[in-house]
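What follows draws every value from the coordinates through simple rules; no lab data is involved. Bear in mind that the values here come from a model prediction, so they are computed numbers and not experimental data. Don't worry about glycine lacking a Cβ; one is built from the backbone with ideal geometry, like all the others, and counts go over all protein chains shown.
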Amino acid sequence: MKKIGIAGLGLIGGSILKKLYKNEAYELFCVSESSYKEARKYTKNSSNDIKTLKDCDIIFLCCKISDTLNILNNLNLFLNKKTTVVDVASVKKGLLNKKYNFNFILSHPMAGSEKSGFKASSPKLFKDAKWLIEKNNKLLENIIKDLGAIPYLTDMKNHDKYCASVSHFPTILSFLLFDCVSTDALKIASSGFRDTTRLAMSEIDMTLNMLKLNEENISELFNKLQDKFNYLKKCSDSEKIKLFKQISEKRKEMYDNFGKNIL
């Protein structure tokens with residue numbers, strides 16, 4: 001049995017635990033300051049002591065982005081090259097090219113929810129999701145597949161720019177869009193507005209860290225959006241129709257009938 005460690009039992013860490021705890025190929029070890037007692041329903045190896053993870057073959061670091069470096073430094077005190085540590089942070093700034101006593105791999109599961117915490121975690125969270133990894137690792141890739149996700153090898157140098165486009169910017173935009181609408185208008189809002197502003201219910205700490213650590217890329221996208229709107233205003237009706245059709249067709253080609261990204 002391979003020993004899998006999970007540091008942090010929020011949405012991501014809890015979902016890893018709930019998906020793998022019945023898999024006889026793995027023995028699970030969990031660390032959390034707040035949810036370790038709840039996790040004992042899934043594994044007896046759950047505590048609030050980081051050294052619980054000392055004998056693991058691989059550790060998923062599922063803490064807050066702001067805590068990642070501190071926990072990596074703590075793990076570096078007692079782990080060695082036999083252990084692989086995998087982060088899942090949505091911002092890689094400050095983590096690129098870091099060297100530790102253990103084998104460190106940057107990764108990011110492209111799965112999430114506007115809900116947060118251990119109670120919101122689900123064994124279905126990663127189903128058919130791309131899981132970004134910076135280098136090949138057989139054990140990691142097998143675990144990702146067992147989680148229902150798809151290993152996706154990528155250069156992490158552009159990670160923050162890409163995630164700003166498809167995750168961070170839409171989240172900030174969702175908050176601000178909701179705040180732009182008057183109370184009277186909210187009374188008549190329906191499913192379109194509901195779906196467009198779903199991300200405005202995202203965890204506040206996570207959203208703040210996104211903005212602080214990836215502000216440059218997010219700001220660039222706000223400027224790009226303004227430029228596109230200014231261009232749109234200058235277009236004729238026929239040009240606007242052509243543009244909307246082009247965008248609509250691209251959007252249709254991105255997902256299948258079940259909502260899965262097929263690009």
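Between amide H atoms placed 1.01 Å from N, distances below 5 Å from residue 60 occur with 5, 6, 7, 86, all of them 5 or more places distant or on a separate chain.
Working note: Karplus 6.51/-1.76/1.60 with θ = phi - 60° gives segment 8-23 the couplings x, 10, x, 4, 6, x, x, 5, 4, 4, 5, 7, 9, 5, 8, 7 Hz, where Gly and Pro are set to x.
Cross-link partners of residue 260 among aspartates and glutamates, defined as those whose alpha carbon lies under 12 angstrom from its own and excluding same-chain residues fewer than eight positions apart: 128.
Counting only DSSP H runs of at least 4 residues, each contributing -39500 (n - 2.57), and dividing by the residue count of the chain, the helix-based mean residue ellipticity at 222 nm comes to -11500 deg cm²/dmol.
Taking all C-alpha pairs of segment 91-238, those more than 28 Å from each other amount to 33 percent.
Taking only the C-alpha atoms of the chain, the Rg (one decimal) and the largest Cα-Cα distance, Dmax (whole number), read 20.4, 66 Å.
Across segment 250-263, coupling constants 3J(HN,Hα) worked out from phi with the 6.51/-1.76/1.60 Karplus curve, θ = phi - 60°, read 4, 5, 5, 6, 7, 10, 8, 5, 9, x, 8, 5, 10, 6 Hz, and Gly and Pro carry x.
Here the 3J(HN,Hα) profile of segment 122-137, calculated from phi with Karplus coefficients 6.51, -1.76 and 1.60 at θ = phi - 60°, is 8, x, 9, 4, 8, 4, 6, 7, 6, 10, 6, 9, 8, 7, 6, 7 Hz, Gly and Pro shown as x. Before anything else, pin down the relative contact order of the chain: Cα pairs under 8 Å, at least 6 apart, normalised by residue count, whole percent. This gives 15 percent for the chain. Along the axis of the charge dipole computed for segment 167-248 (Cβ charges of +1 for Lys and Arg, -1 for Asp and Glu, origin at the Cα centre), the listed residues 175, 202, 185 are led at the positive end by 185.
For segment 158-254, dividing the convex hull volume of the Cα atoms by the residue count gives 140 Å³ per residue.
Where a Cα-Cα gap under 18 Å defines reach, which aspartates and glutamates qualify for residue 127, not counting those fewer than 8 residues away within the same chain? The qualifying aspartates and glutamates are 114, 141, 146, 256. Amide H contacts under 5 Å for residue 104: 85, restricted to partners 5 or more places along the chain or on a different chain, H placed in the peptide plane at 1.01 Å from N. Let me have the relative contact order for segment 167-247, percent, based on Cα pairs under 8 Å that are six or more residues apart. Reported relative contact order: 37 percent. Put simply, the amide H of residue 46, placed in the peptide plane, has neighbours under 5 Å in 30, leaving out anything fewer than 5 places away on its chain.
Taking 54, 240, 115 in turn, the Gaussian network model of the chain (Cα-Cα springs below 10 Å) assigns the largest fluctuation to 240. Each DSSP beta bridge with both residues in the chain is either parallel or antiparallel, and the antiparallel ones are about 15%.
If you count Lys pairs in segment 158-254 whose Cα atoms are under 19 Å apart, skipping same-chain pairs closer than 8 places in sequence, the total is 19.
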